[in-house]
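Below you'll find the structure, written out as structure tokens, and then a few comments.
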Amino acid sequence: MDAAKYFKECLKLKSDYTEVMYYLGLCYFNTQDRDSAAKYFYKLQKKYPETAWAKYAKNLMPYKEKVTEE
């Protein structure tokens, strides 16, 4: 999960970096951490719905329940 560590560091520097947000969610998704993946995918859809990354994330949402942001 080294990639997730670097993606998180990127988001600390630029919190609205939607591409990184998507790939961080994808890291969690691919390691079966669906709750963490949903957190980033939901944030993308809520805050940046017009981006392509939000549309990609919508297709990978692990479940339809509302996920709260941190």
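The values are calculated or read from the model by the stated rules, or taken from the named source; none is laboratory data. Just so it is clear, the structure is predicted and the values come from calculations on it, not from any experiment. Backbone-built Cβ (ideal geometry, glycine too); neighbour counts: all protein chains shown. The area values use the complete protein model at the heavy-atom level, side chains included, leaving out ligands, DNA and RNA. Shrake-Rupley method; radii C 1.70, N 1.55, O 1.52, S 1.80 Å.
Which pairs in the list K14/K47; K8/K43; K5/K39; K12/K43 are over 18 Å apart, alpha-carbon to alpha-carbon?
none
Distance from a point 7 Å along Cα→Cβ of T31 to each backbone N in segment 1-23: keep the residues under 13 Å and list them by number.
It comes to 1-9, nothing else.
Out of Y22, Y42, Y56, any idea which swings most in a Gaussian network model of the chain, alpha carbons joined below 10 Å?
Y56
If you stretched the chain out fully between Y17 and K58, how much longer would it get, using 0.36 nm times the residue separation minus the C-alpha to C-alpha distance?
Contour length minus Cα-Cα distance gives 13.1 nm.
Can you bin the chain into rounded, prolate or oblate? Criterion: square roots of the alpha carbon gyration tensor eigenvalues sorted a ≥ b ≥ c, rounded for a/c under 1.5, prolate for a/b above b/c, oblate for the rest.
It is oblate, given that a/c is not under 1.5 and a/b is not larger than b/c.
At a 1.4 Å probe radius, carbon and sulfur cover how many percent of the accessible area of the chain?
50 percent
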